[in-house]
Amino acid sequence: MLEMAALKIQKPRRILVAVDISEYASSVVEEAARLAPLSGSDVTLVSVVKMPALTASEDTIDSKELGEEEKELQSLHRSLIDKYFNHSSILIESKVLHGDPAEKICEYAETLDAGLVIVGTRGRGRITSAVLGSVSEKVARDCKRSVLIVKRHVHADR
């Protein structure tokens, strides 16, 4: 007979929570706020400023526009942390990265040694997803870490 000590379940030490500026961010962070205390995990909120592809006629990126988007994401992180982790003793970190969103989320999950990555989905149909390829689908497919995809909760924006 197996002893209970041998049946320990590995709990994630760090949960990486990927959010963007959409109505789905609250649902994703709400799920992280529910799971983190249960597993004793720290949480890192991450967002990615998508870098535009430069054409041959363009040789610069509008750094002012990118800076504004970064500030908007930092503000979003602060408000989500205040709303969902205000009285929590869990370590919460915030990071804004630059580049391809799915790629950067997966890379950062490796850097943090995240036990779980939580992303949201807009719930697009198969045809739209096949053509566009959503970030959540790319993360689920390419990330070497466990991925939880959260659908938007109706009550998340109360």
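The values are calculated or read from the model by the stated rules, or taken from the named source; none is laboratory data. Remember, it's a predicted structure, so these values are computed and weren't measured experimentally. No Cβ is skipped: glycine too gets one built from the backbone with ideal geometry, and neighbour counts run over all protein chains shown.
Details
- Looking at S79, S88, S75, just one residue is at pLDDT below 90, more than 12 Å from the chain's Cα centre (by Cα), polar (S, T, N, Q) and not in a strand (DSSP E or B), and that residue is S88.
- Segment 1-20, subset in a loop (DSSP other than H, G, I, E, B) and modelled with pLDDT of 90 or more, residue surrounded by the fewest Cβ atoms within 10 Å (Cβ to Cβ): D20
- Residues of segment 95-150 classified as at pLDDT below 90 and in contact with a strand residue (DSSP E or B) (Cβ under 7 Å, 6 or more places away or on another chain), total: 3
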